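Input: a single structure, listed below in structure tokens.
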Amino acid sequence: DNPAMGKIYATNLTPSTLKEWTDGEVARAIRHGIGRKNQPLILMPSHDYQYLSESDLASTVAYLRLVPAVNKTNQSSHLGPISHMLIALNKAPLLSAETIDHQAPFSEKPTEEVSVAFGKYLAQTACIGCHRPTLTGGPMPGAPPDWLPAANLTKTALGNWKEADFIKAMREGMNPQGQKIRPPMPITLTAQMTDVELKALWLYLQTK
């Protein structure tokens with residue numbers, strides 16, 4: 001909530017508010033970053049979610065229908081002058097809907113196994129938004145100035161990291177040097193990944 005950047009409010013996604021949305025509208029918001037009124041959604045990471053397979057997108061919508069309803073009224077969001085300038089200069093993906101190929105077919109989800117293909121699928125749907133499509137990291141577009149740059153996840157940058165180091169980092173938020181990984185790395189989410197998912201993701205990173 002900042003006069004220059006604007007006010008960004010994360011909306012209530014429980015059935016109390018989504019009950020008015022069709023499954024197709026929810027799916028479009030996730031994959032395309034477009035709301036019910038055909039408006040681009042602010043800071044919706046659809047540049048990642050566009051790579052979800054049709055089955056995973058459907059599962060996500062189904063899950064949102066089953067979480068406990070919370071009666072909390074959504075507040076409106078709006079962009080400030082600096083945000084509008086960043087969008088005009090293509091310096092921040094605040095409106096990801098404008099950068100997505102809406103005609104692209106669904107991605108094919110590989111078999112959930114320890115493979116480079118499955119690891120790539122996971123990286124595209126969870127990592128590239130912050131670490132960039134090349135996974136070379138750098139400043140995160142649109143991020144507050146006090147956020148550290150996203151880490152370089154390529155094989156060269158990871159250096160002497162072992163698979164066990166990577167899994168510990170993703171589960172416990174601690175790097176091999178014993179240093180805590182700082183936000184906005186979503187450890188609470190990556191900690192829930194299965195052994196197969198983490199091993200596949202590590203295998204894919206070894207190809208970068």
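The values are calculated or read from the model by the stated rules, or taken from the named source; none is laboratory data. For clarity, every value in this text was computed on a predicted model and none was experimentally measured. All Cβ positions, even for glycine, are placed from backbone atoms using ideal geometry, and neighbour counts span all protein chains on display. These area figures cover heavy atoms from the full protein model, side chains too; ligands, DNA and RNA do not enter into them. Shrake-Rupley method; radii C 1.70, N 1.55, O 1.52, S 1.80 Å.
Assorted remarks:
- The length gained by stretching the chain between LEU66 and ARG182 to full extension, at 0.36 nm per residue less their Cα-Cα distance, is 38.6 nm.
- Length-normalised contact order of the range 82-147 in % [C-alpha pairs under 8 Å, at least 6 apart]: 30 percent
- Figure note: HIS102, HIS131 ranked by solvent-accessible area, largest first, 1.4 Å probe, ligands and nucleic acids not counted: HIS102, HIS131.
- When the residues LEU198, LEU203 are ordered by accessible surface, computed with a 1.4 Å probe over the protein chains alone, the sequence from largest down reads LEU203, LEU198.
- Interchain or long-range residues, amide H under 5 Å from ILE34's placed H: ALA29, LEU41
- Three-way shape call for the range 84-208 based on the alpha-carbon gyration tensor, with the a/c threshold at 1.5: oblate
- Among the trypsin sites (Lys or Arg not before Pro) in the range 1-76, those placed in a DSSP loop whose Cβ has at most 13 other Cβ atoms within 10 Å are LYS19, ARG36, LYS37, LYS72.
- Straight-line cross-link partners of LYS180 among the lysines, defined as a Cα under 18 Å from its Cα and at least 8 positions apart when in the same chain: LYS162, LYS168.
- Overall form of the range 1-143 per C-alpha gyration tensor (a/c, 1.5; a/b vs b/c): oblate
- All lysines inside 23 Å of LYS37 as judged from Cα atoms, apart from same-chain residues fewer than 8 positions distant: LYS7, LYS19, LYS72
- The Cα atoms of the range 72-147 give a gyration tensor whose axes a ≥ b ≥ c have a/c of 1.5 or more with a/b greater than b/c, which makes the shape prolate.
- By average C-beta atoms within 10 angstrom, highest first, the peptides 107-113, 167-173: 167-173, 107-113
- Residues ILE128, ILE181, ordered by accessible area of protein heavy atoms at a 1.4 angstrom probe radius and largest first, appear as ILE181, ILE128.
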